[in-house]
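As structure tokens, the structure follows; a few thoughts come after it.
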Amino acid sequence: MPKLMIVDDEADVREYLKSYFKRRKIDVVTAQSGEEALGLMEQSIPDLILLDIRMGGIDGIETLRRMREAGNQARVVMVTGVEDPQILKKLDGLNVLSCIHKPLLLNELEKEVLQRIAAIR
């Protein structure tokens, strides 16, 4: 079963997406912060990570930078509520598959996740 990690500081977003993707036969693990996500990845690397950019503590970009520095090459789709070219420029060189904008449209998100997971197999 493919494994998806959802990293978002909004509990309602995490839990809704967890339920949504579990119904699609995807194993889902969630993290409420970049720090928690990094700790979870020490135990098991998911097939795909949905990583929110703006979070309390370390943000998604710093989380991703730390992952890459540790040698973790997990597939990552960034999630953002703002279209700020300066923020998106910081993703250059961090091997991001794509960037999805909030508010999340479930049909687009599902298509993106299923397509990325299918490419792994």
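Ellipsoid fit via the Cα gyration tensor, region 32-116: semi-axes of 19, 16, 12 Å, each the root of five times an eigenvalue, largest first. Springs between Cα atoms under 10 Å define the GNM used for the chain, and in it the highest mean-square fluctuation of Ile100, Ile58, Ile49 occurs at Ile58. For region 3-120, the tally of Lys pairs with Cα-Cα distances below 27 Å comes to 17, considering only residues 8 or more apart or on different chains. Close amide-amide hydrogen proximity is noted between Thr30 and Ile6, each under 5 Å apart and 5 or more residues distant or on a separate chain (H modeled in the peptide plane; Pro and chain starts excluded). Springs join every pair of Cα atoms under 10 Å in this Gaussian network model of the chain, and among Asp12, Asp52, Asp27 the largest mean-square fluctuation is at Asp12.
Taken together, the values in this text are just the output of simple stated rules run on the coordinates, not laboratory data. Here the structure is a predicted model, which is why all the values come from computation and not from measurement.
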